[in-house]
Structures are given as C-alpha cells and as structure tokens.
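Q: Before we start, here is the structure in question, set down as structure tokens.
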C-alpha cells in the first residue's frame, strides 16, 4: 500500500492525543464513521494530526446525544452548508440541555435548602409549640379553589394540580403544599382545603399565582405524618386567640422533610404557618 504523504502517528498515540482509547477508534473505523489516514500492509492504522478536529467534533456531537448513524450521514455528505445547518440544530439542543440542567440544579438547591431549614434552631424550638418568625415574600402557583373536606375531591384536585405544574415545568423542587382558609379553621373544619400550591422562585407569568406576603408569621412544625395536621392547626389557632393575634386569610401547610429525605413517616417535618398582618 502507498504510504500516506503527511506525517502520521499510530493508533495508541492518536488515542492519547485525543483523550480517547483505541477501542473507540477501532469501532469508529468498523462502522465507517472515522477512518485512519492510512493502513499499512500489516493492518496497522495511522492517523494524521489534521484529523484531530474532525474527531473532536464527532465526540462533541455524540456527547450531546446525536446518534452515530446521523453523525456518519453528515460525514458522508459534508459541506459548509450542511455544517451550518447541523451546528445550528445542535446549538438549539445544547440550549435545551442547559435549561434542563439549570432546572435540575434549582431542584438540588431547593432540596439542600430544605435540609438546612430542618436544622435551624427555630425548628426545634417550634416543633410541637408555636413561635413567631419573620418570613420573606413567596410566589405560589395555586390550584383552582377546592373548598371541601371530601377526600376523593381533594385527591382529584391534587392530581390535577400536579399535572398542571408538570406540564408547565413549574416544579423547582419544593414539595406541594396546601392552603387552608383561617375561616375554615375557626369553624373547626380541619380537613377542608382551599388550594394546593407549589412554590416558585419568581412571579409565574400566565399562571394562577398567590403571593404569600412577607412579614410576621405564627409558625409551628409538625413532626410525623403530615396528613395528621389537625393537632397543629388547633395549636396554631389557640395560640392566635390566646395572644390576641389576628391571623391572615390563609394558613399554609408545607413539607420540610418528606419522602425524599427519609422512608419513615415518623421523621417527616411540616411547617404550618399563618400570616399576622399589621393592625390597621
């Protein structure tokens, strides 16, 4: 076989140069995707340094999920126009992947924040009792009004809300919570829900939003099964009455530690809070 006219290196050297392995180069050669510059009479493969950029581009396309078959189709019919089309398409895919990774990072940060919250001194101090905390303004994407204690209707409303938030990619890692009108609690309707909600980081344009106001809150933390919230609701309302505090329109029930952090419901932790508006 005629020798290739440019200086070449063997398979092992090329693999080291491109941070890959010989097995990958053999596979690419076998499927006709990336062939050596020449192969000698003994079957040894040799590569030219000017093949490095092509190999690097192939690996980049593969890493963002482009199938080898599609990459080969481009390689077999490459041109400046085809390259421009290919890279424009793949740039959009990269941006989509970046957005997906941004959302995943946001979920991770949210979960880390909840674990950190569970370790704060006020949580221990207010578990099974009531305290006053200053809380920041929050944006909640809410379900349509529920207004019932019927279990089947509540469950249906929750499933519908979860589906809505999933379809619109609104879940940033906060567990789904519930809003209960304080008027229901005054009437001792402990199981009657007003809305389900999920917390988001910024005002969710185009979605039903409730702004949980910043300010003073009466807060208690429920240890154990968050479905058994009646004692915590009673505790909170009794505290407001005894301290002559006027609670806001809604009581907010939101998980801090749940199934994500532990398997035993005895370890769950739920924050139940009610806003205390300034007296007029």
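Coordinate-derived values only; no laboratory data. Model, not experiment: these values are computed from the prediction. Quick reminder, even Gly has a Cβ in these numbers, built from the backbone with ideal geometry, and neighbours come from all protein chains shown.
Q: Once each part is reduced to its C-alpha centroid, what is the distance from region 65-139 to region 155-193 in angstrom?
A: 25
Q: While we're on this one: Going by C-beta contacts inside 10 Å, put 138, 242 in order with the fewest on the left.
A: Details: 138 17, 242 9.
The fewest-first ordering by Cβ neighbours comes to 242, 138.
Q: Binning at 10 Å from 0, report for the chain what percent of all alpha-carbon pair distances ends up in each bin.
A: In whole percents, the pair-distance histogram is 6, 21, 22, 11, 10, 12, 11, 6, 2, 0.
Q: With a cut-off of 8 Å between alpha carbons and a minimum separation of six or more residues, what is the relative contact order of region 30-151 in percent? All intermediate terms of the calculation are to be shown ahead of the outcome.
A: Working: 32 pairs, mean separation 16.2, N = 122.
RCO, region 30-151: 13 percent.
Q: Can you put 264, 258 in order of Cβ neighbours within 10 angstrom, beginning with the fewest?
A: 264, 258
Q: At 0.36 nm per residue, minus the direct Cα-Cα distance, what do residue 88 and residue 244 gain on full extension? Give it in nm, one decimal, please.
A: 49.7 nm
Q: Say R0 is 25 Å: what FRET efficiency, to the nearest 0.05, do residue 156 and residue 214 get from their beta-carbon distance?
A: Numbers: r = 33 Å, r/R0 = 1.31.
After rounding, the FRET efficiency stands at 0.15.
Q: Quick one: angle between helix 151-167 and the longest Cα principal axis of the chain, in degrees between 0 and 90, rounded to 10, please.
A: Around 40 degrees separate the two axes.
Q: Hey, what did region 138-280 get for relative contact order, percent, Cα under 8 Å, at least 6 apart? Kindly include the intermediate steps, with their values, before the conclusion.
A: Values: 263 pairs, mean separation 41.1, N = 143.
It comes to 29 percent, rounded to a whole number.
Q: In addition: Would you work out the relative contact order for the chain, in percent, from Cα pairs under 8 angstrom that are 6 or more residues apart? It would help to have the intermediate numbers written out before the result.
A: Working: 408 pairs, mean separation 46.4, N = 280.
Once divided by the residue count of the chain, the mean separation gives 17 percent.
Q: Starting from the 7 Å offset along Cα-to-Cβ, what nm value, one decimal, do you get for the label separation of residue 102 and residue 263?
A: In this crude spin-label approximation the distance works out to 3.8 nm.
Q: When averaged across all projection directions, what area in nm² does the alpha-carbon convex hull of region 194-280 cover? Each step should come with its number before you reach the end.
A: On the way: hull surface 28.2 nm².
Hull-based average projected area comes out at 7.1 nm².
Q: Under the classification rounded if a/c is under 1.5, otherwise prolate if a/b is larger than b/c and oblate if not, where does region 84-168 fall, given a ≥ b ≥ c as square roots of the Cα gyration tensor eigenvalues?
A: Values: a/c = 3.53, a/b = 1.51, b/c = 2.33.
In terms of gyration-tensor shape, oblate.
Q: May I ask you to derive the FRET efficiency for residue 169 and residue 223 from their Cβ-Cβ distance with R0 = 35 Å, giving the value to the nearest 0.05?
A: On the way: r = 32 Å, r/R0 = 0.93.
Working from the Cβ atoms, E equals 0.60.
Q: Let me ask something additional. Which Rg and Dmax, in Å, describe the Cα atoms of region 134-280?
A: According to the Cα coordinates of region 134-280, Rg and Dmax are 14.9, 46 Å.
Q: Continuing with this model, one more query. Would region 8-78 count as rounded, prolate or oblate if I go by the C-alpha gyration tensor, calling it rounded below 1.5 in a/c and otherwise prolate when a/b exceeds b/c, oblate otherwise? Show your work: numbers first, answer last.
A: On the way: a/c = 1.89, a/b = 1.52, b/c = 1.24.
It is prolate, given that a/c is not under 1.5 and a/b is the larger ratio.
Q: Relative to a virtual label point 7 Å from the Cα of residue 148 in the Cα→beta-carbon direction, which members of region 155-180 show backbone nitrogen distances below 16 Å?
A: 155-161
Q: Ok, one more. Quick check: from the Cα gyration tensor, does region 125-178 come out rounded (a/c under 1.5), prolate or oblate?
A: Numbers: a/c = 2.54, a/b = 1.43, b/c = 1.78.
Oblate is the answer for region 125-178, as a/c is 1.5 or above yet b/c matches or exceeds a/b.
Q: Shifting gears a bit: What order do you get for 170, 269 when you list them from fewest to most C-beta neighbours inside 10 Å? Working shown, then result.
A: On the way: 170 16, 269 20.
Ascending number of Cβ neighbours within 10 Å: 170, 269.
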